[in-house]
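Peer 1: Structure below; questions to follow.
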Amino acid sequence: SFDKPLMANIRSDESIRGVKEAPITLVEYSDFECPFCSRGYETVQALMKKYEGKIRFVYKHLPLSFHDKAMISAQYYEAIRLQDEKKAFAFHDEIFKNQKKLQNGVAFLDATAKLVKADLAKLKKDLNSEAVMKRIQEDMKEAEGFGMQGTPGFLLNGVPVRGAYPTDYFVNLVEELQKRGKLKL
């Protein structure tokens, strides 16, 4: 993987947290309902802090079929992202901080959308739109192409990490990329 990195499709309209042209790119394929993804969220937060100014984070969807709130949560995220990427990331953070409340379904998703000041009427109109559904399907297909079957799955500068690993694991990958001359910080 170090010599043949997997290249995620980072679209021109991609929502990116961090520095858009950063030397470190962390892509996550995630499921809002997956308990391991909430651990992944904490790891991403720690990496964003550790490599501040040198990392960009891209969130992609891999809602697992056995999580009944995962797809609708992804749709809410994408419908909010159509309005404002900062609100979408705020929604993302609130879902992972309060993941147990996802059991309340649409009531919790609506409350969270209101909390981040999303336009609920527009969100409801966009929820099942072609733009929202197509983006989620493209993410899922990309993840599948990389052999990501469970969540979370990550690409750190193209190196796959399948599962919820601690921050140190990713730090070691960054150091290995530097040793191999694949990354300059």
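The values are calculated or read from the model by the stated rules, or taken from the named source; none is laboratory data. None of these values were measured; they are calculated from a predicted model. Cβ coordinates were reconstructed from backbone atoms using ideal geometry, including for glycine residues, and neighbour counts include every protein chain displayed. Areas reflect the complete protein model, heavy atoms only, side chains present, ligands, DNA and RNA absent. Shrake-Rupley method; radii C 1.70, N 1.55, O 1.52, S 1.80 Å.
Peer 1: If the requirement is being at pLDDT 95 or above, touching a strand residue (DSSP E or B) at 6+ places or on another chain (Cβ under 7 Å) and not polar (S, T, N, Q), which of these qualifies: ILE72, ILE55?
Peer 2: ILE55
Peer 1: Could you figure out which of (1) open to solvent by 60 Å² or more (accessible area, probe 1.4 Å); (2) under 16 Å from the mean Cα position of the chain (by Cα) isn't true of VAL132?
Peer 2: In the conditions (1) open to solvent by 60 Å² or more (accessible area, probe 1.4 Å); (2) under 16 Å from the mean Cα position of the chain (by Cα), VAL132 misses (1) alone.
Peer 1: Yes or no: the range 63-70 includes at least one residue that is open to solvent by less than 10 Å² (accessible area, probe 1.4 Å), on the phi < 0 side of the Ramachandran plot and not in a loop (DSSP other than H, G, I, E, B).
Peer 2: Among the residues of the range 63-70, at least one is open to solvent by less than 10 Å² (accessible area, probe 1.4 Å), on the phi < 0 side of the Ramachandran plot and not in a loop (DSSP other than H, G, I, E, B), which makes the answer yes.
Peer 1: I'd like the full set of residues that are within 19 Å of TYR77 (Cβ to Cβ) and in contact with a helix residue (DSSP H, G or I) (Cβ under 8 Å, 6 or more places away or on another chain), limited to the range 140-157.
Peer 2: If the condition is that a residue be within 19 Å of TYR77 (Cβ to Cβ) and in contact with a helix residue (DSSP H, G or I) (Cβ under 8 Å, 6 or more places away or on another chain), then THR151, PRO152, GLY153, PHE154 are the ones that fit.
Peer 1: If I filter the range 5-19 down to residues being in contact (Cβ under 8 Å) with a residue 12 or more places away in the chain and more than 15 Å from the chain's Cα centre (by Cα), which single residue comes out as most open to solvent (accessible area, probe 1.4 Å)?
Peer 2: Ranking the qualifying residues of the range 5-19, first place goes to MET7.
Peer 1: Further, regarding this structure: Please find, among LYS60, LYS101, the residue that is free of Cβ contacts under 8 Å to residues at least 60 places away in the same chain and basic (Lys, Arg).
Peer 2: Matching residue, one of LYS60, LYS101: LYS101.
Peer 1: I've got another one for you. Report whether or not LYS50 is among the charged types (D, E, K, R) and either surrounded by 19 or more Cβ atoms within 10 Å (Cβ to Cβ) or under 18 Å from ARG135 (Cβ atoms) (or both).
Peer 2: Judged against the criteria, LYS50 is not a match.
Peer 1: Now a separate question. Output the residues belonging to the range 121-159 that are outside any helix (DSSP H, G or I), closer than 22 Å to LYS86 by Cα and out of contact with any strand residue (DSSP E or B) (no Cβ under 6 Å at 6 or more places or on another chain).
Peer 2: LEU127, ASN128, SER129
Peer 1: Can we say PRO152 is within 19 Å of ILE24 (Cα to Cα), touching a residue at least 40 places away in the same chain (Cβ under 8 Å) and in contact with an Asp or Glu (Cβ under 6 Å, 6 or more places away or on another chain)?
Peer 2: yes
Peer 1: Answer yes or no as to whether PHE57 is of a type outside the set (A, V, I, L, M), assigned to a helix (DSSP H, G or I) and surrounded by 15 or more Cβ atoms within 10 Å (Cβ to Cβ).
Peer 2: no
Peer 1: Residue under question is PHE146, and the condition is that it be open to solvent by 20 Å² or more (accessible area, probe 1.4 Å) and either closer than 19 Å to PRO63 by Cβ or of a type in the set (D, E, K, R) (or both); does it hold?
Peer 2: Yes.
Peer 1: Which one of ALA118, ALA79, ALA113 is open to solvent by less than 30 Å² (accessible area, probe 1.4 Å), farther than 15 Å from LEU62 by Cβ, in contact (Cβ under 8 Å) with a residue 24 or more places away in the chain and outside any helix (DSSP H, G or I)?
Peer 2: Criteria check complete, one pass: ALA118.
Peer 1: Could I ask something else about it? Taking the residues in the range 149-185 that are within 14 Å of the chain's Cα centre (by Cα) and crowded, with 18+ Cβ neighbours inside 10 Å as candidates, determine which candidate is nearest to TYR51 (Cα to Cα).
Peer 2: LEU156
Peer 1: Answer with yes or no whether LEU102 is farther than 20 Å from VAL27 by Cα and open to solvent by less than 40 Å² (accessible area, probe 1.4 Å).
Peer 2: So LEU102 fits the description; yes.
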